[in-house]
Amino acid sequence: WRPRAGSSDETGDGSLQALEGVPQLRRLLLDAAQVTDLRPLLSCPRLEVLSLRRCAQLTPEAVGVLARLTHLEVLDLRGCPWVDDAALARLERLDGLRGVLLHGTQVSAAGLDAFRCARPACLVGGAG
């Protein structure tokens, strides 16, 4: 499932409910979606690649839900202004995470260092 180009205003929390019928989903692009609650993604346990680029309403608590997606390998959080050190720390328990993109977030240099120590095999693309 992928939102149509230009449909970010229509892609919000209610739209994520449609994912309940797609447990085999492996890749999802929700760029610029108006989402605040990521719990519906838990119905996609095989999700490997997730782009939440420019999802400006995401909070650290919402991002913390992603730590339960044990197959997640690549996560794009670029342009999510509320993502901070606390959100990144919640993702440290994702053993399979191979890459996370953080440009345009509030993650500090100290937060990046802590994450890199906890997940040295994970490639991290910038912050701030």
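The values are calculated or read from the model by the stated rules, or taken from the named source; none is laboratory data. Since we're looking at a predicted model, the values are computed, not measured. Positions of Cβ are backbone-derived with ideal geometry, glycine not excepted, and every protein chain shown enters the neighbour counts. Areas reflect the complete protein model, heavy atoms only, side chains present, ligands, DNA and RNA absent. Shrake-Rupley method; radii C 1.70, N 1.55, O 1.52, S 1.80 Å.
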Note to self: When the expected Rg is taken as 2.2 N^0.38 Å, what fraction or multiple of it is the alpha-carbon Rg of the chain?
What the structure shows: 0.97
Next item on the list: Order these peptides, 75-85, 44-54, 109-119, by their mean beta-carbon neighbour count within 10 angstrom, highest first.
Entry: 75-85, 44-54, 109-119
Margin query: Please report the net charge: other residues with Cβ closer than 13 Å to the Cβ of ALA118, K and R +1, D and E -1.
Written below: 0
Checklist line | Largest to smallest accessible area among THR59, THR70 [probe 1.4 Å] | finding: THR70, THR59
Next item on the list: Roll a 1.4 angstrom probe over the protein heavy atoms and tell me the percent of accessible area of the chain that is carbon or sulfur.
Entry: 51
Notebook entry, point to check: Whole-Hz Karplus ³J(HN,Hα) for the range 53-70, in order, using 6.51 cos²θ - 1.76 cosθ + 1.60 and θ = phi - 60°, x for Gly and Pro?
Noted result: 4, 6, 8, 5, 9, 5, 9, x, 5, 5, 5, x, 4, 5, 5, 8, 8, 5
Margin query: Over the Cα atoms, compute the radius of gyration (one decimal) and Dmax (the largest Cα-Cα distance, rounded to a whole number) for the range 63-128, in Å.
Written below: 10.2, 27
Check: To the nearest 10 degrees, how steep is helix 109-118 against the longest Cα principal axis of the chain, on a 0 to 90 scale?
Finding: 90
Checklist line | For the chain, accessible area per residue (1.4 Å probe, heavy atoms of protein chains only), Å² | finding: 50
Margin query: Let's see if you can work this out: charge +1 on each Lys and Arg Cβ, -1 on each Asp and Glu Cβ, no other charges. What is the dipole magnitude of the chain about its Cα centre, in debye to the nearest 20?
Written below: 360
